[in-house]
Amino acid sequence: MILNTKQNKKKRYIIYTRCSTDDQAQGDFTTLDAQAHHCKNMIDAFGYEMAEFGKRGIINDDGYSGKDLNRPGIQSILKDIHEKKSFDGVIFFRLDRLTRNPRDLYMLIDLFRDKEIDFISVRENLDSSTAIGRVVIGILGLLSAFERELTGERVKASCVARARQGRWVGGALPFGYKLIDDGAPLPNGRQPHKIIIDEDIGPKLKTIWRMASENKSLGDIGTELMRMELPTPNGGMWRKQSIAAMLKNTFYKGIMRYAGEMHRGNHEPLVDDALWERANMMIKGKLPGHKFTKQPREYIHLLNGLVRCGKCGSYYITYFVYGRGRKKFHYYLCSRSHQQMGCDGIKLSAVGFDKAVIDFFKQASNDQEILVNAIGDAILDARHKLDKIEKEVTDIEEKLKIAREASEKLLTLAMEGTISKGPAYKAKMETLDTEILILQEKLSKLEAQKQVAQLSAHSAEFLHSNIRFAIKYLDQAPPEAQKALLQALIKSITIYDDRVELKMYVGQPFEEIICSLPEVAHKDADNTPKNGKTPQKTCGVNASLALGANERPNWLPRMDSNHDT
């Protein structure tokens, strides 16, 4: 069955419609009224209500192209999402009504997910409030991450080529430099620019390297810059981090650095090589006053909020401890155990457990036995519901046909004079007209319910055909995309001393996935935290379709310990 985890409350939806001049020429389903009509039928079928937003809950962008988001209607929606959140969901007729730009679409999907705004696309049968819909959106998010990565690679290749020519690759110029026009505009209208030293800032900025080479502290350098009335690029106070970053920037000695490559730039250096090297030698020596450590990026716990303790039923929390060298080790831990409230639930290495779950899903995708079967059950369930509604639609259409034929026959007999137009005739016609109206109303509601059922059926089919691809490359996706898809797939993970039980949203509650929890030592023993809170066990998801399987399958690699980057 298809599970819906949201509370059964009456949600407030707005309808978004868009129509450009070109769309109007295409006819079917392109006018604003036609789009709104189909969206309203869908809202009625779901039992939702219109939000008090816009014109009776409808936002129109009439005459605007979908190539970007520079439209008053969509901008008003985005502003409300950020500031007020006057509605719970957005419904539109087709995805291209929302936007024709894939990047904008992925951005909107991410925004709706982050702000907990549901959305429905009528034509594509996509509903983010259902379990299958959320998984489909998770896959779209995963694909968007790869699309952004490919776009980034193309941009990076172009920037590398520019850097190798000594040309600026774009972005904000380093402080102390400015751009000026360089010659006449090009035939395409673009104005070439040249990088020069800002005469008002550059000479004062040399003080940074001069004082650093004399072993002055970063704090002393910042104080001197403020005494010279040289503000930061943002007009604020100088910070040690900013000064250290400028000191290490090779651009100031005429070297362009990009993508790990260094090339001589076409711009004039602010300081000579000897001064730059001498100043940085002092910094690298970590002499008194120079020490500055960059904070590492925080680890993203992929399964946060999903893991529960099999002993006490409490949720697992995330926490970390420091090892030698101030290295962080991240864990999942039962909240009652953490509070020392009588539970001794097992502690899990967050990095290792997250990796093990991803590895499990990758293996499930390869075997085509768990995910595909579960989603197949969901498809069958959705199609069963759809078939049932379609049968009801056929029955109502047949009754409506009979009623209309009877009404037309009665009217024909009256027009031919075969029967009189007396009270009996009028009563019969009123009965038939009432029956026709009731049947038409039932048919309209059933058609809307049919579309709702198609949402699940078609989304499940999309999911069935794309889930293997998404899972296959799940380990290569950014952590945020990994987390979004896993959170959409997994209902709960229960941790016992000897196994892990994993339940999914999609499909019938199929056999629970069991895994054993072998002891695993830290790979880097010298950096292992030595306090008493260090977990002594971690979990590799030793998955098998057979309940109670405790042997380690051959496909599961030995888990490394908690090594963060």
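Any residue at all in region 72-87 that is out of contact with any helix residue (DSSP H, G or I) (no Cβ under 8 Å at 6 or more places or on another chain), hydrophobic (A, V, I, L, M, F, W, C) and in contact (Cβ under 8 Å) with a residue 24 or more places away in the chain? Quick ask: steps written out before the conclusion?
Of region 72-87, the ones out of contact with any helix residue (DSSP H, G or I) (no Cβ under 8 Å at 6 or more places or on another chain) are 72-73, 75-77, 79-80, 82-85.
When the remaining residues are screened for being hydrophobic (A, V, I, L, M, F, W, C), the result is 77.
Filter again for in contact (Cβ under 8 Å) with a residue 24 or more places away in the chain, leaving 77.
Looking for residues that are out of contact with any helix residue (DSSP H, G or I) (no Cβ under 8 Å at 6 or more places or on another chain), hydrophobic (A, V, I, L, M, F, W, C) and in contact (Cβ under 8 Å) with a residue 24 or more places away in the chain, one finds at least one in region 72-87, hence yes.
If you take the residues of region 148-174 that are within 26 Å of P233 (Cα to Cα) and in contact with a His (Cβ under 7 Å, 6 or more places away or on another chain), which of them is surrounded by the most Cβ atoms within 10 Å (Cβ to Cβ)?
Only one residue tops the list, namely A163.
Of the residues A279, A245, A184, which single one is hydrophobic (A, V, I, L, M, F, W, C), without any contact (Cβ under 8 Å) to a residue 12 or more places away in the chain and assigned to a helix (DSSP H, G or I)?
On the way: A279 fails: without any contact (Cβ under 8 Å) to a residue 12 or more places away in the chain; A184 fails: assigned to a helix (DSSP H, G or I).
Going through A279, A245, A184 in turn, just one is hydrophobic (A, V, I, L, M, F, W, C), without any contact (Cβ under 8 Å) to a residue 12 or more places away in the chain and assigned to a helix (DSSP H, G or I): A245.
Step by step: first the residues of region 319-343, then only those that are in a loop (DSSP other than H, G, I, E, B) and not polar (S, T, N, Q), then the one that is nearest to Y496 (Cα to Cα). Which residue is that?
The initial filter retains those residues of region 319-343 that are in a loop (DSSP other than H, G, I, E, B), namely 323, 327, 339-343.
From what's left, not polar (S, T, N, Q): 323, 327, 341-343.
Values: G323: 27, K327: 28, M341: 17, G342: 16, C343: 12 Å.
Among those that are in a loop (DSSP other than H, G, I, E, B) and not polar (S, T, N, Q), it is C343.
Read-outs: derived from the displayed coordinates by stated rules, not from any lab. All values reported here derive from a predicted model rather than from experimental measurement. Positions of Cβ are backbone-derived with ideal geometry, glycine not excepted, and every protein chain shown enters the neighbour counts.
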